[in-house]
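The values are calculated or read from the model by the stated rules, or taken from the named source; none is laboratory data. Nothing here was measured: the structure is a model prediction, and the numbers come from that model. Cβ placement follows ideal geometry from the backbone for every residue including glycine, while neighbour counts extend to all protein chains displayed.
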Amino acid sequence: MAVTSQFKSERLALRISLVGTMVMAGSDLVVGSLVNSNAILLDGVFSLLSMGMTGLSLYTAFLISKPDDDYFQFGYAHLEPLINVVNGVFILSACLFAFVQGLRTLFMGGREIALEFALAYTVFTTLFCFGIFFIERHIARVANSEIVRVDTQEWLVDGILSGTILVGFSVALILSFRGYAHLSPYVDPVLVTGMSLAASILPFKVLRRNFAEVLLVAPEDKYQESVEQLIKELCKKYKFQDYTCHLAKTGREYDLEINFLIHDEEKWSTRRQDRVRKIIWDKTRKLGMKTWLTVSFTMDKRWL
């Protein structure tokens with residue numbers, strides 16, 4: 001099997017992400033325990049979840065690059081939104097758990113942490129997360145990969161979380177120097193609660209977009225309008241009496257089914273039908289659509 005350049009780019013990005021996630025998860029859990037910070041531990045939990053999902057995404061990217069076979073006769077593209085939905089559910093669940101734990105610690109009087117060491121560590125993690133985010137974002141744009149794009153959003157979340165922790169610990173240190181040390185224990189649970197709420201926004205967006213693809217909802221993008229415009233032009237040119245069009249997006253592939261109603265079968269030889277199919281196919285390729293195309297012609301309206 002020939003490995004596509006897109007898969008190579010995806011594999012590179014996801015491998016970088018996997019190594020980075022392993023570093024983050026291990027260091028967060030160790031340092032979080034040492035400095036007694038639930039905020040850093042939460043960041044480590046997010047990294048652990050991300051590590052598992054990145055490994056799964058890497059395997060999914062490999063499957064998507066394979067051609068259809070006897071078991072998956074329509075290919076593997078449908079796995080991409082499904083994995084992204086699972087990914088979103090896991091992250092959202094972690095956010096809910098962290099939110100509850102943050103409130104619980106807050107009402108129990110807060111949590112003392114080793115501020116100086118924690119502050120130095122969060123400077124490193126913030127730079128590390130945003131570094132991988134920018135690398136993956138570049139690869140996602142070049143490869144036009146939804147899997148890498150979703151993984152990039154996870155690194156953005158990690159970077160924002162680390163940056164939030166950094167700001168929070170800086171505030172706690174300033175409070176200690178200004179004579180408000182009794183407020184410092186509340187910083188960590190406030191951070192955990194706020195982080196969990198902020199981090200839940202991106203999973204909601206991922207779930208909304210990918211769950212629609214799992215349900216085969218018509219895509220709301222430029223391709224829908226372009227396809228409709230092309231079909232209307234063909235109907236006017238070839239005087240089709242009616243038509244139906246069904247468009248769905250699954251991962252990086254579009255399923256496009258078009259049925260034309262004709263009135264004179266003698267004028268519609270197989271060669272002429274294929275000419276119309278080629279016009280549609282060329283248009284979808286020009287638009288950058290990877291399409292599973294079905295075009296049929298009928299004289300009976302019930303088959304539309």
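Of note:
- Among all residues of region 69-78, there is at least one that is on the phi < 0 side of the Ramachandran plot, at pLDDT below 80 and under 15 Å from the mean Cα position of the chain (by Cα).
- Every residue from region 38-77 that is among the aromatic types (Phe, Trp, Tyr) and under 23 Å from Gly102 (Cβ atoms): Phe46
- Meets criteria (closer than 30 Å to Ser5 by Cβ and of a type in the set (Lys, Arg)) for Arg111: no
- Pairing residues of region 99-127 that are crowded, with 18+ Cβ neighbours inside 10 Å with residues that are part of a loop (DSSP other than H, G, I, E, B) and of a type outside the set (Ser, Thr, Tyr), at Cβ distances under 8 Å and at least 6 apart in sequence or on separate chains, gives Thr105/Arg111; Arg111/Asn36; Ile113/Asn36.
- Condition met for Ser33 (touching a helix residue (DSSP H, G or I) at 6+ places or on another chain (Cβ under 9 Å) and either more than 21 Å from Tyr186 (Cβ to Cβ) or touching a residue at least 60 places away in the same chain (Cβ under 8 Å) (or both)): no
- Residue under evaluation Glu80, criteria (1) touching an Asp or Glu at 6+ places or on another chain (Cβ under 7 Å); (2) closer than 17 Å to Arg15 by Cα, criterion not met: (2)
- Residue in region 68-89 that is farthest from Tyr254 (Cα to Cα), counting only those that are in contact with a Ser or Thr (Cβ under 9 Å, 6 or more places away or on another chain) and assigned to a helix (DSSP H, G or I): Asn87
- Scope region 98-127; condition farther than 16 Å from Leu166 by Cα and assigned to a helix (DSSP H, G or I); matching residues: Ala98, Phe99, Val100, Gln101, Gly102, Leu103, Arg104, Thr105, Leu106, Phe107
- Selected residue (only one of Gly26, Gly32 is surrounded by 15 or more Cβ atoms within 10 Å (Cβ to Cβ) and outside any loop (DSSP other than H, G, I, E, B)): Gly32
- Among (1) in contact with a helix residue (DSSP H, G or I) (Cβ under 8 Å, 6 or more places away or on another chain); (2) within 19 Å of Ala248 (Cβ to Cβ), the one test that Phe169 misses: (2)
- Residues within region 213-231 that are surrounded by fewer than 17 Cβ atoms within 10 Å (Cβ to Cβ), part of a helix (DSSP H, G or I) and hydrophobic (A, V, I, L, M, F, W, C), tallied: 1
- Selection of first residues in region 173-195 that are more than 19 Å from Asn38 (Cα to Cα) and of second residues that are among the hydroxyl-bearing types (Ser, Thr, Tyr) and buried (at least 19 other Cβ atoms within 10 Å of the Cβ), restricted to Cβ pairs under 8 Å at least 6 apart or on distinct chains, gives the following pairs, ordered by first then second residue: Leu175/Ser184; Ser176/Ser184.
- Residues being under 22 Å from the mean Cα position of the chain (by Cα) and of a type in the set (Gly, Ala, Ser) - total across region 155-201: 7
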